[in-house]
1. Name the pairs whose Cβ atoms lie under 7 Å apart, with the first residue in segment 308-326 and of a type in the set (A, V, I, L, M), the second part of a helix (DSSP H, G or I) and open to solvent by less than 40 Å² (accessible area, probe 1.4 Å), and 6 or more positions between them or separate chains?
2. Of the conditions (1) more than 29 Å from LYS91 (Cα to Cα); (2) surrounded by 24 or more Cβ atoms within 10 Å (Cβ to Cβ), PHE349 satisfies every one except a single condition; which number is it?
3. Of these, PHE412, PHE385, which one is within 18 Å of TRP444 (Cβ to Cβ) and open to solvent by 10 Å² or more (accessible area, probe 1.4 Å)?
4. Conditions first: (1) over 20 Å from CYS518 (Cβ atoms); (2) open to solvent by 30 Å² or more (accessible area, probe 1.4 Å). LEU454 passes all but one, so which condition is the exception?
5. List the pairs whose first member sits in segment 501-527 and is without any contact (Cβ under 8 Å) to a residue 40 or more places away in the chain, whose second member is surrounded by 15 or more Cβ atoms within 10 Å (Cβ to Cβ) and of a type in the set (S, T, N, Q), and whose Cβ atoms are under 8 Å apart, counting only residues at least 6 apart or on separate chains?
6. Please verify whether VAL362 is touching a helix residue (DSSP H, G or I) at 6+ places or on another chain (Cβ under 7 Å), within 19 Å of ILE267 (Cβ to Cβ) and not in a strand (DSSP E or B), treating the condition exactly as stated.
7. Which pairs do you get when a residue that is under 13 Å from THR325 (Cα atoms) and without any contact (Cβ under 8 Å) to a residue 60 or more places away in the chain, found in segment 287-299, comes within reach of a residue that is among the polar types (S, T, N, Q) and open to solvent by less than 100 Å² (accessible area, probe 1.4 Å), reach meaning Cβ atoms under 8 angstrom, with the pair 6+ apart or on two chains?
8. Checking the conditions here, which among GLY341, GLY347 is of a type in the set (Gly, Ala, Ser), in contact (Cβ under 8 Å) with a residue 60 or more places away in the chain, within 24 Å of SER6 (Cβ to Cβ) and assigned to a strand (DSSP E or B)?
Amino acid sequence: MAAAGSSPSIVEYFGGEDGYRCGYCKNDTGNLSHGMWAHSMTVQDYQDLIDRGWRRSGKYVYKPIMNQTCCPQYTIRCQALHFQTSKSQKKVLKKMLKFLSKGDLSKAASEEEPMDSHIEDAVVCDFAYKSESCVSQSELTPLSVDHTERVENEDKDSKEIKEEVKEQEVESESRQICADRDTPVPGESSHSSKIVRALPKPGKGADQSKPPCRKAKDIRKERKLQKLLQKQPCTLEDPQLQGGDQVSLSQNSKSKPNQPKTVEDLIFVSLPDDAPHKLEVRLVPVSFEDPQFKSSFNQSASLFAKYQMAIHKDTSSECGENEFTRFLCDSPLEAENAADGPDCGYGSFHQQYWLDGKIIAVGVIDILPYCVSSVYLYYDPEYSFLSLGVYSALREIAFTRQLHEKAPDLCFYYMGFYIHSCPKMRYKGQYKPSDLLCPETYVWTPIEQCLPLLEHSKYSRFNQDVKAVDEGRIKELGRVRVLHKRTVMPYSVYKKRRKGPSDEASVQQYASLVGQTCSERMLLFRS
């Protein structure tokens with residue numbers, strides 16, 4: 001869907017023979033990936049590449065060697081149009097609403113829910129690069145894979161839910177024990193009328209003179225039913241509403257399930273006029289020609305440094321403005337606008353979260369033909385208690401659904417990589433429904449079908465059709481487009497003109513990884 005007259009993608013391929021340090025399991029040489037430097041890239045080419053397991057970090061685009069790397073990284077996407085918030089995700093949205101509408105949350109909440117409680121440090125990919133690149137090695141070192149900080153509250157929430165259920169079970173059991181004591185044992189003569197029941201001492205046991213306790217849930221249901229009945233055009237006092245109708249109305253009210261709230265219902269809630277805080281989310285194109293991006297650059301860069309030093313323990317020299325620009329502002333994606341596309345266009349953006357006039361978080365995203373792709377998130381550690389990782393992910397899902405209204409093909413939210421062999425990276429599977437990409441046939445498979453396979457083996461082919469093959473595989477190497485001496489030509493022509501040793505093996509590997517379609521559109525730079 002490249003716009004008419006748009007420049008083609010230009011890439012340098014580096015191969016992937018050398019291993020480098022893994023940010024997940026800390027193996028010094030276990031992380032293996034293929035890589036290429038993207039001097040420029042169309043959004044359609046990048047969409048097709050990530051649908052074949054590639055991801056970008058700055059202008060460096062890489063693809064894990066899945067059957068060799070220590071921690072296989074599977075591309076994951078959430079079906080945004082069918083997304084349903086979980087209990088813990090609703091809790092995060094309600095917490096933000098409470099903060100905005102009522103003021104600061106207690107320090108206790110902040111201490112109980114640290115932002116990175118399940119993350120040891122950043123997943124920094126110390127990529128190894130071939131010396132053939134015309135770009136210096138320091139400029140090629142990417143910062144991070146993606147949102148490693150979105151794990152925060154999920155484990156804690158599930159623990160709280162379990163504790164809540166356990167408390168209810170204990171309460172239920174205690175009530176049952178009391179009931180059992182009052183029930184005559186079968187075969188026993190009934191002398192219960194003769195037994196004088198002594199009232200328990202104050203503070204001990206159940207008071208038999210009072211009605212039994214009722215569950216709060218039942219009380220809430222009854223109140224809700226009463227409200228529903230009051231709202232009906234025929235009230236209970238209305239003589240036209242007969243007894244049978246009353247019962248029917250009551251039963252209908254009980255049996256009608258509550259419509260689940262959408263993610264938008266929980267995010268876009270009107271705040272009272274006197275709300276102590278105001279949150280505004282601004283979408284800013286990643287371009288120094290954009291006035292909003294330019295005017296907020298210093299504040300955004302300072303926030304990035306603050307986040308990296310506090311959360312990922314970087315030194316100040318590792319997260320200065322140059323590093324910030326290289327990793328999160330430099331993008332190979334060419335901005336494009338299409339008649340049937342979103343109003344904001346396609347390309348790379350920063351979603352800035354402005355709280356009371358200052359930026360507290362920035363979500364780096366790519367808007368592509370079929371998806372919103374999450375690149376990275378950084379935030380002010382002072383606002384960790386707001387679970388900004390989860391909150392921003394939910395906002396990005398809602399944003400994807402919003403873009404879909406104008407761009408019908410855009411309906412997925414890509415969350416980067418799912419790494420099952422690293423337990424603290426499994427949280428992405430909690431954004432449901434979601435799919436994983438088969439590393440051999442590049443078809444999407446519901447994550448529920450993938451998990452049993454991954455429990456058995458950290459590397460797995462998800463497509464269970466043994467006859468299925470990669471439909472986008474390279475079929476004609478001679479059709480691969482090459483940029484040689486400022487001239488675009490098919491590989492078949494370049495091969496004849498090239499002097500020196502053959503590079504066919506490298507070109508064959510590149511073409512098999514990017515697929516036939518991209519290999520015929522993108523320009524492979526050859527010196």
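The values are calculated or read from the model by the stated rules, or taken from the named source; none is laboratory data. Because the structure is predicted, anything quoted here is derived from the model rather than measured. Here the Cβ is made from the backbone with ideal geometry for all residues, glycine too, and neighbour counts use every protein chain on show. Only protein heavy atoms, including side chains, enter the accessible area calculation; ligands, DNA and RNA are left aside. Shrake-Rupley method; radii C 1.70, N 1.55, O 1.52, S 1.80 Å.
1. Partner pairs satisfying both residue conditions: ALA310/PRO381; ILE311/PRO381.
2. (1)
3. Values: PHE385 fails: within 18 Å of TRP444 (Cβ to Cβ).
None of the other options fit; the residue is PHE412.
4. The one condition LEU454 does not meet is (2).
5. Within 8 Å, the pairs are ALA511/SER519.
6. no
7. If the second residue must be among the polar types (S, T, N, Q) and open to solvent by less than 100 Å² (accessible area, probe 1.4 Å), the pairs left are PHE293/SER287.
8. Going through GLY341, GLY347 in turn, just one is of a type in the set (Gly, Ala, Ser), in contact (Cβ under 8 Å) with a residue 60 or more places away in the chain, within 24 Å of SER6 (Cβ to Cβ) and assigned to a strand (DSSP E or B): GLY347.
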